[in-house]
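Worksheet: the structure to be examined is printed underneath.
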Amino acid sequence: MRYSFRQLEVFQAAARFENITRAAESLGMSQSAASSALKELENQFAIQLFDRVGKRLQLNELGRLYRPKVEALLAQACELEQALSLHTDVGALKVGATLTIGNYLAVGVMAQYMNTATRPRVSLEVANTSNIARRVRDFELDIGLIEGELQAPELEIIPWRRDELVIFCAPDHPLARQPALSDDDLLQATWIMREPGSGTRQTFDRSMHGLLPELEILLELEHTEAIKRAVEAGLGIGCLSQVCLADAFRRGNLVPLSAPAHRSLDRQFYFILHKQKYRSAAIERWISLCQDL
């Protein structure tokens, strides 16, 4: 074989960090050793995988073509090594989830996933839909769980489960006594909303088609708990997933409002994976546990 896995690891790290020094540090190598490994890989096949701009390494067209194949090969090699060694890190997984899923669903799945004899590790990153999609696309996460619609040709987008947004308010809010909201009620209300780029905001904006430019949005917040507290304090009404409102409704801190019948707040949760990503046993187990929820 004319290349080594170490050379491929250097290529992978250099593609991620766009800097050979940072790539070397991530692999526990000296800068000179990493630089030599990358140069040998290119020289062996008389190719150039990066454009070098000062200290920055930027993948060229050839590098972008081969990166998914390298990622898939290294993932398979890593899984084989873990299976052979029966180390406690067998099945280690890097998961990304959007806020609602990460805070209210993924943690329970993590507990089930890790509750095996080998105690596999799971790292969970919580961010909005666009950030999770970017990190899956860049092979920084093994799998993403998102609540927003995506158009991404590099990604495989797999339907997971249905969800519904709920408009809600504080118990003493004037709208709390109304059996159903009208479009006029929506226009007259003050809103506390998720930020643009989130899946929740995407669904809300789609539902409010025709009204959106006229809605009074007082606050745009990145955290569901902050939105719930602001609504509970009487600053306005909100719209979040039923998943993160169930406890507050049971306690009576917040109350659900009935949206106009013609404004659907239904949506879909999705798994996302890079199309070139090797579908390991770890990923398959994670998906299976999620589908059992």
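Nothing in this text is a laboratory measurement; each read-out follows from the coordinates by a stated rule. All values derive from a computational prediction rather than experimental measurement. In this analysis, Cβ positions are derived from the backbone assuming ideal geometry, glycine residues included, and neighbour counts consider all displayed protein chains.
Listed by Cβ neighbour count within 10 Å, with the fewest neighbours leading, I167, I47 appear as I47, I167.
When each of F269, F17, F50, F11 is scored by the number of other beta-carbon atoms lying within 10 Å, the sequence from fewest to most is F17, F50, F269, F11. Other residues whose C-beta falls under 10 angstrom from the C-beta of N253 contribute a net charge of +2, scoring Lys and Arg +1 and Asp and Glu -1. Rounded to the nearest 500, the helix-only mean residue ellipticity at 222 nm of the chain stands at -12000 deg cm²/dmol, with each DSSP H run of n ≥ 4 adding -39,500 (n - 2.57). Report, to the nearest 10°, how far helix 5-17 tilts away from the longest principal axis of the Cα atoms in the chain, using its own Cα long axis and a range of 0 to 90°. The angle comes out near 40 degrees. Packing, taken as the mean count of other beta carbons within 10 Å per residue, orders the peptides 222-228, 111-117 from highest to lowest as 222-228, 111-117. A cut-off of 5 Å between modelled amide H atoms, ignoring neighbours fewer than 5 places along the same chain, links F139 with no other residue.
If I fit a long axis through the Cα atoms of helix 31-44 and take the longest principal axis of the Cα atoms of the chain, what angle between them do I get, 0 to 90°, rounded to 10? For 31-44 against the chain, the angle is about 70 degrees.
Note on R279, R52: ascending count of other Cβ atoms within 10 Å places them as R52, R279, the fewest first. Helix 61-85 and the longest principal axis of the Cα set of the chain meet at an angle near 90°.
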